[in-house]
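First the structure, in the form of structure tokens, and then the observations on it.
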Amino acid sequence: MAKGVRIIITLECTECRSNSNKRSPGVSRYTTTKNRRNTTARIELKKFCPHCNKHTAHKEIK
């Protein structure tokens, strides 16, 4: 069975992992898709984190 070009990835907040001094416990995660042929590197997007209560960088995790 052939794999598709678009894959589902998970984005995780970078500040929630390292900062224990935040509004509520937990880690913000979003799911999205990316084209594996055009974007081979891990992506980083600015998304709203409800735990930090601000827009932060979210990096792709495995």
note = Over the chain, the sum of -39500 (n - 2.57) across DSSP H runs of at least four, divided by residue number and rounded to 500 deg cm²/dmol, gives at 222 nm -1500 deg cm²/dmol
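Sort 43-52, 9-18, 28-37 by packing, meaning the average of other beta carbons within 10 Å per residue, with the highest value first. Don't jump to the answer; show the numbers that get you there.
Details: 43-52: 14.4, 9-18: 16.4, 28-37: 12.8.
Peptide ranking by packing, descending: 9-18, 43-52, 28-37.
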inquiry  = In whole Å, what are the extents of the chain along the principal axes defined by its C-alpha atoms, from largest to smallest?
reply    = 45, 19, 16
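Can you tell me, using C-alpha contacts under 8 Å and at least 6 residues apart, the relative contact order of the chain as a whole percent? Write down the numbers at each step before the final one.
Numbers: 107 pairs, mean separation 26.2, N = 62.
Normalised by residue count, the contact order of the chain is 42 percent.
Throughout, read-outs are computed from the coordinates displayed, never taken from laboratory work. These numbers were taken from a predicted model, which means no experiment stands behind them. Please note: Cβ atoms are built from the backbone with ideal geometry, for glycine as well, and neighbour counts cover all protein chains shown.
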